[in-house]
Amino acid sequence: MKQHHNERVNFGSRLGAILAAAGSAVGLGNIWRFPYETGNHGGAAFILIYLGCVFIFGLPIMMAEFTIGRRSKASTGGAYEVLAPGTCWKWVGYLGVLTGFLILGYYTVVAGWTLEYIFQAATLGFSEKTPDDFVVMFQHFSQNPLRPLLWLFIFMFATHFIVVRGVKEGIEKSSKIMMPVLFVLVLLLCVCSLTLPGAEKGVEFLLKPDFSKVTADVFLGAMGQAFFSLSLGMGCLSTYASYFGKETRLGHTAMSVGLIDTCVAVLAGLIIFPAAFAVGIQPDAGPSLIFITLPNVFQQAFSGIPVLGYVCSIAFYVLLALAALTSTISLHEVSTAFLHEKFHFTRTRAAWIVTVGALVIGVVSSLALGEWSAYTIGGMNIFDAIDYLTAKIMLPVSGMFAAIFVGWVLDRSIVRGEATNYGTLKSSYYPLYLFILKFVAPIGIVLIFVNELGLLG
Ligand code: PFF
């Protein structure tokens, strides 16, 4: 155990813990997935329900995962075995590992797209193009059988080598610079996007809720997005929490990560929708949304100062790729650590198994958008089907079990002790936290599923 701990990061400071968790949480989920899910589900009302899911389910479940990780000092596959030996709870851990592995596969496809867009931005691929050209450009690229695969392989190998080398130190340090720079660029792009002519309609779409559009799907979508964006329900944050020190305040860390993650997502919405409405792109364009909308912002908002547009567009996609990288590393780490601990493979061998397996899923999901788009499951292509299954079903299910485990199964003195750093912190929110874990989160999640199945009237 000791040796295994030395191989992975041991967060030295409270800030280190927050940054590592935020590095996992902030990624494509905020800048790519949040806007298109908001667009698919009608805008502002979805965002309100999303915020409800983050604060009501997300933060307490994040605390629950932190509790499981810090107390067990094991990665997710082993954590339940340490805390509830000889029971079926270990299957919740295994479900998390499987979910993370599937997400890694298709997430890296999109991460690869960011590399193509860095390349396009750097080689003046955006210049002189109209909004329609960007749509065609994305279609050509994503339906090409080879090019997205090339970027997928490059991105997956970059993740692989970082995980194998365990250069978390570097990642942790660079994220201290990268995160603030990303934040500043996102703010800058917000201003650019909001000043485009016709941007008001996008702001209205984002801020004026139309509750007539709220269907069962909207609740399921918002819940899935909250779990996905906060990296919950697959033991990623519990694995990270196994490296939290005694002084880390779990509640404070959960709140900080939740706020950072939510701010980045809402700001991403404030970039995409004003721009999309300004150039006449439909908000429900799906996974292609940011790739067909953003190049217009660079193109139009900086038309007076093209050099600035050039620099900002490259910088933006580089930072997006790096934000995706800190998330793919955390996804990869969960499966690698699991194979390493459970089957005693070396870390290198474990990482290779994960990389090769995830590449297979990645290749299938990538081809599903082009050559293999005719193969569908439940009316969805394979890419969308994996996204649906993992984000909207598997993450909430295993998150719900984490809540039940901490709320009902784990010894109460441990739960209180972890929440209050063994009596050194105030515990005014503790009763509310426990009430949510015991009742609100499990019942709420089940109700959302039942509602989706059309069984609630
Ligand atoms: N939260 C990441 C994002 O928003 O991009 C994606 C993710 C990372 C999901 C790690 C789940 C996870 F365990």
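The values are calculated or read from the model by the stated rules, or taken from the named source; none is laboratory data. All of these numbers come straight from a predicted model, not from anything done at the bench. Ideal geometry is used to build each Cβ from the backbone, glycine not excepted, and the neighbour counts take in all protein chains shown. Keep in mind that these areas ignore ligands, DNA and RNA; they rest on the heavy atoms of the full protein, side chains included. Shrake-Rupley method; radii C 1.70, N 1.55, O 1.52, S 1.80 Å.
Could you please report the charge total around ILE353, scoring K, R as +1 and D, E as -1 over all other residues with beta-carbon less than 15 angstrom from its beta-carbon? Please list the in-between numbers first.
Working: positive: LYS342, ARG347, ARG349; negative: GLU333, GLU341.
Charge balance near ILE353 sits at +1.
Can you give the FRET efficiency for SER428 and LEU98, using 1/(1 + (r/R0)^6), R0 = 30 Å, r = Cβ-Cβ distance, to the nearest 0.05?
Details: r = 38 Å, r/R0 = 1.26.
For SER428 and LEU98, the calculated efficiency is 0.20.
Check every DSSP H run in the chain and write down those whose alpha carbon atoms cover 15 angstrom or more along the long axis and whose mean Kyte-Doolittle hydropathy is -1.0 or greater. Provide the component values of the computation, followed by the final result.
On the way: long enough: 14-25 (17 Å, 1.25); 59-72 (20 Å, 0.37); 90-122 (47 Å, 1.02); 131-143 (18 Å, -0.07); 147-165 (28 Å, 1.49); 168-194 (37 Å, 1.37); 216-229 (20 Å, 1.08); 250-279 (44 Å, 1.82); 289-301 (18 Å, 1.18); 306-343 (54 Å, 1.19); 347-367 (30 Å, 1.40); 441-452 (17 Å, 1.78).
Correct list, ordered by number: 14-25, 59-72, 90-122, 131-143, 147-165, 168-194, 216-229, 250-279, 289-301, 306-343, 347-367, 441-452.
With a cut-off of 8 Å between alpha carbons and a minimum separation of six or more residues, what is the relative contact order of the chain in percent? Please report the intermediate quantities before stating the final value.
Numbers: 703 pairs, mean separation 156.6, N = 457.
Dividing the mean separation by the residue count of the chain yields 34 percent.
Using the basic label-point model (7 angstrom from Cα toward the beta carbon), what is the LEU455 to ASP133 distance in nanometres?
The answer from the label model is 5.4 nm.
Which residues in segment 61-94 have a backbone N closer than 20 Å to a point placed 7 Å from the Cα of ASN421 along the Cα-to-Cβ line?
The answer is 62-73.
Could you name the aspartates and glutamates in cross-link range of LYS246, using Cα to Cα under 18 Å and dropping any fewer than eight places away on the same chain?
GLU65, GLU418
By accessible area of protein heavy atoms, probe 1.4 Å, what ranking do GLU200, GLU37 get, highest first?
GLU200, GLU37
Sum -39500 (n - 2.57) across every DSSP H segment of at least 4 residues in the chain, then divide by the residue count to get the 222 nm mean residue ellipticity, nearest 500. Display every interim value, and only then the final one.
Working: 22 runs with 321 residues, N = 457.
The per-residue figure over the chain is -23000 deg cm²/dmol.
For the chain, count all C-alpha to C-alpha pairs, find those more than 42 Å apart, and express that count as a whole percent of the total.
Values: 11911 of 104196 pairs.
More than 42 Å apart: 11 percent of the Cα pairs in the chain.
Would you mind getting the accessible area per residue of the chain, heavy atoms of the protein chains only, 1.4 Å probe, in Å²? Don't jump to the answer; show the numbers that get you there.
On the way: 17720 Å² over 457 residues.
Accessible surface, normalised per residue, equals 39 Å².
Could you work out the Rg to Rh ratio of segment 274-340, with Rh taken as the Kirkwood radius (inverse of the mean 1/r over all Cα pairs)?
Details: Rg = 16.7 Å, Rh = 14.1 Å.
So for segment 274-340, dividing Rg by the Kirkwood Rh gives 1.18.
Please compute, over every Cα-Cα pair in segment 65-169, the percentage with a separation greater than 16 angstrom. Show your work: numbers first, answer last.
Details: 3867 of 5460 pairs.
The calculated P(r) of segment 65-169 puts 71 percent of pairs beyond 16 Å.
Could you tally the net charge around LYS246, taking each other residue with its Cβ under 14 Å from the Cβ of LYS246, Lys/Arg +1 and Asp/Glu -1? Display every interim value, and only then the final one.
Numbers: positive: ARG14, ARG70, ARG71, LYS73, ARG249; negative: GLU247, GLU418.
Charge balance near LYS246 sits at +3.
Using only the alpha-carbon atoms of segment 314-437, report the extent along each of the three principal axes, biggest first, to the nearest angstrom.
Principal extents (Cα only, largest first): 57, 39, 39 Å.
Carbon and sulfur together cover what percent of the accessible area of segment 297-401 at a 1.4 Å probe radius?
Working: 2890 of 4070 Å².
Answer for segment 297-401 is 71 percent, counting heavy atoms of protein chains only.
Any idea what Rg and Dmax come out to for segment 24-127 if you just take the C-alpha atoms, in Å?
In Å, with Rg to one decimal and Dmax whole: 18.6, 62.
Using a 7 Å offset from the Cα along the Cα-to-Cβ direction at both VAL184 and SER413, what is the distance between the two label points in nm, to one decimal?
Between VAL184 and SER413, the label points sit 5.1 nm apart.
How many nm is it between the label spots at PHE161 and VAL360, if each spot is 7 Å from the Cα in line with the beta carbon?
If labels sit at PHE161 and VAL360, their model points lie 2.5 nm apart.
Can you give the local net charge around GLY286? Use residues other than it whose beta-carbon is closer than 13 angstrom to its beta-carbon, Lys and Arg +1, Asp and Glu -1. Numbers along the way, then the final one.
On the way: positive: ARG33; negative: GLU37, ASP284, ASP384, ASP387.
Neighbour charge sum, excluding GLY286 itself: -3.
Report the accessible area of CYS53, computed with a 1.4 Å probe over the heavy atoms of all protein chains in place, in Å² rounded to the nearest 10.
It works out to around 10 Å².
Could you work out the relative contact order of segment 13-139? I mean the mean sequence separation of Cα pairs under 8 Å and 6+ apart, divided by the number of residues, in percent.
On the way: 39 pairs, mean separation 15.2, N = 127.
Contact order relative to length: 12 percent.
For segment 391-457, which trypsin sites (Lys or Arg not before Pro) pass both filters: DSSP loop (anything but H, G, I, E, B) and at most 10 other C-beta atoms within 10 Å? Walk me through the intermediate numbers first.
Values: sites: LYS392, ARG412, ARG416, LYS426, LYS438; in loops: LYS426.
Hits after loop and neighbour filter: LYS426.
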